[in-house]
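Heads up: the structure comes next, in structure tokens.
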Amino acid sequence: MSLFNVYPVNPITITKAAGSRVWDDKGQEYLDMYGGHAVISIGHTQPHWVKRIEDQLHAIAFYSNSVVMPIQEELATALNEISGKKDFQLFLCNSGAEANENALKLASFHTGRKKIIAFKKSFHGRTSLAVAATDNPNIVAPVNETDHIIFLPFNDIPALQACFAEQGSTIAAVIIEGIQGVAGIYEASEAFLKAIRKCCDDYCAVYIADSVQCGYGRSGKFFAHDFAGVNADIYAMAKGMGNGFPIGGILIAPHIQAKFGMLGTTFGGNPLACAAALAVIEVMQKDHLIKAAEEKGKYLINALKNTKGVKVVRGRGLMIGFEMESGLEDVRKVLLNDFKIYFASLHQLGSIFLIFSIIYLFYQVSVLQK
Ligand SMILES: Cc1ncc(COP(=O)(O)O)c(C=O)c1O
């Protein structure tokens with residue numbers, strides 16, 4: 001049987017990893033600046049993370065959400081602390097798309113409304129509602145098409161206010177990435193996020209912060225949305241949450257109330273995934289990784305701005321994209337083949353963006369300095 005061929009793959013087989021290094025099946029070492037698309041938050045095979053999962057595996061790997069699971073409560077408390085969202089509630093699932101799907105559904109349950117505001121170039125995942133709120137017609141199947149989603153221009157306050165003035169009483173939620181990732185690293189302005197907060201307050205809609213890619217400390221704050229100094233009502237998380245162990249979740253403001261059966265999942269919140277997520281938070285706290293992301297990000301952004309051939313640099317912390325001048329489109333291939341550095345890339349407007357998608361670059365900075 002062949003694999004269903006949906007991924008354009010690099011011809012590399014990675015067989016071993018440690019920290020920010022990976023090795024292929026021929027023993028060639030690479031510096032991993034990609035981290036499997038923003039997933040590796042504390043480094044590959046981080047020893048505390050491995051041990052936490054191993055210990056949990058020997059105790060119990062899985063049970064369903066039909067019994068009390070203290071490890072879920074432990075994770076909720078740890079998340080309250082590290083995120084600063086003290087009285088928020090936690091619902092656990094398995095991926096970023098699922099986190100957004102549950103967030104959108106919950107907003108609709110909470111408000112009794114159907115319309116969702118999303119933004120141009122957004123990416124929110126591939127499940128039904130999440131993909132409908134994603135601005136890429138190529139990945140929306142006919143069955144996912146809905147007129148419940150309103151796409152507005154990103155960072156356009158007058159357009160947002162006009163939409164609320166016209167249809168405010170029908171709007172369940174606004175969903176926005178604090179830094180658009182797949183689009184090519186575009187930050188939501190602080191004024192824009194504040195305007196979303198105000199419109200949602202004025203019209204009793206739900207502000208959903210898609211933090212799947214820009215969250216978990218990568219920007220130099222736990223949630224990139226926090227730079228605006230206002231809270232969202234729901235934060236969607238995944239990717240860096242488990243450092244590669246599949247887990248997602250939403251943090252939910254206290255005024256949104258749960259009802260039995262409203263949301264649910266078989267695997268979400270299983271003990272093994274919770275152990276992985278707890279290990280991530282413990283390492284982030286012990287090694288002050290959010291501060292490190294902020295500091296190393298400043299260094300890298302500055303270094304990139306002063307690098308010949310780099311046209312534009314965008315981002316915050318270690319969520320950085322840069323665009324090369326024309327004629328240098330092959331830089332990603334050169335970095336991979338000649339320097340053994342693995343990056344993500346996006347082709348846009350005939351040029352290339354390279355994205356540092358690993359959150360905490362333990363050794364990268366010193367390598368780049370050489
Ligand atoms: C901002 C954002 N939201 C949601 C998702 C979907 O996450 P997942 O692939 O875990 O479903 C992604 C994935 O790239 C993302 O970047």
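The values are calculated or read from the model by the stated rules, or taken from the named source; none is laboratory data. Quick caveat, the model's predicted, so the values are computed rather than measured. Glycine gets a Cβ as well: all are built from the backbone with ideal geometry, and neighbour counts include every protein chain shown.
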Contacts under 8 angstrom Cβ, first residue in the range 262-289 being part of a helix (DSSP H, G or I), partner surrounded by 21 or more Cβ atoms within 10 Å (Cβ to Cβ) and of a type in the set (Lys, Arg), 6 or more apart: Ala275/Arg52; Ala276/Arg52; Leu278/Arg52; Ala279/Arg52; Glu282/Arg52
Flag if Ile175 is surrounded by 24 or more Cβ atoms within 10 Å (Cβ to Cβ), under 30 Å from Pro271 (Cα atoms), among the aliphatic types (A, V, I, L, M) and in contact with a helix residue (DSSP H, G or I) (Cβ under 6 Å, 6 or more places away or on another chain): no
So Ile116, is it more than 13 Å from the ligand (Cβ to nearest atom) and in contact with a His (Cβ under 8 Å, 6 or more places away or on another chain): yes
Residues of the range 214-246 classified as near the ligand (Cβ under 10 Å from one of its atoms) and touching a residue at least 60 places away in the same chain (Cβ under 8 Å), total: 7
Subset tally (residues that are of a type in the set (Asp, Glu) and either without any contact (Cβ under 8 Å) to a residue 24 or more places away in the chain or over 18 Å from Ala205 (Cα atoms) (or both)) for the range 82-121: 2
Matching residues in the range 166-201 - criterion: being of a type in the set (Val, Ile, Thr) and either more than 29 Å from Glu323 (Cα to Cα) or part of a helix (DSSP H, G or I) (or both): Thr170, Ile171, Val174, Ile196
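How about the range 281-300: which of its residues are of a type outside the set (D, E, K, R) and surrounded by fewer than 19 Cβ atoms within 10 Å (Cβ to Cβ)? If you could, list the steps in order and put the result at the bottom.
Filtering the range 281-300 down to residues of a type outside the set (D, E, K, R) leaves 281, 283-285, 288-290, 292-293, 297, 299-300.
Across the range 281-300, the qualifying residues are Gln285, His288, Tyr299.
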Counted residues, the range 197-210 - those being touching a Leu at 6+ places or on another chain (Cβ under 9 Å) and within 16 Å of the ligand (Cβ to nearest atom): 3
Residue list for the range 61-97, filter: surrounded by 19 or more Cβ atoms within 10 Å (Cβ to Cβ), among the hydroxyl-bearing types (Ser, Thr, Tyr) and assigned to a helix (DSSP H, G or I): Ser83
Test: residue in the range 261-280 that is within 16 Å of the ligand (Cβ to nearest atom), among the hydroxyl-bearing types (Ser, Thr, Tyr) and either modelled with pLDDT under 90 or assigned by TED's automatic domain parsing to the domain that holds Phe88 (or both): yes
Enumeration of residues in the range 21-44 that are surrounded by 14 or more Cβ atoms within 10 Å (Cβ to Cβ), on the phi > 0 side of the Ramachandran plot and not in a helix (DSSP H, G or I): Gly43
The one condition in (1) at pLDDT below 95; (2) under 30 Å from Leu75 (Cα atoms) that Gly184 fails to fulfil: (2)
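For the subset of the range 121-160 comprising residues that are touching an Asp or Glu at 6+ places or on another chain (Cβ under 8 Å) and of a type in the set (A, V, I, L, M, F, W, C), which member is farthest from Ala238 (Cα to Cα)?
The extreme case among them is Phe151.
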Cβ pairs under 7 Å, 6+ apart, first in the range 301-313 and assigned by TED's automatic domain parsing to the domain that holds Val331, second exposed (fewer than 12 other Cβ atoms within 10 Å of the Cβ): Val313/Lys305
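Quick grid of which residues meet (1) over 27 Å from Ala130 (Cβ atoms); (2) modelled with pLDDT of 95 or more; (3) under 18 Å from the mean Cα position of the chain (by Cα):
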residue	(1), (2), (3)
Pro11	yes, no, no
Tyr34	no, no, yes
Met69	no, yes, no
Cys93	no, yes, yes
Scan of the range 153-170 for residues that are buried (at least 18 other Cβ atoms within 10 Å of the Cβ) and either more than 22 Å from Glu190 (Cα to Cα) or of a type in the set (A, V, I, L, M, F, W, C) (or both), ordered by number: Phe154, Leu160, Cys163, Phe164
Glu29 in the same structural domain as Asp338 (by TED's automatic domain parsing) and more than 16 Å from the ligand (Cβ to nearest atom): yes
Val230 surrounded by 24 or more Cβ atoms within 10 Å (Cβ to Cβ), outside any strand (DSSP E or B) and modelled with pLDDT of 95 or more: no
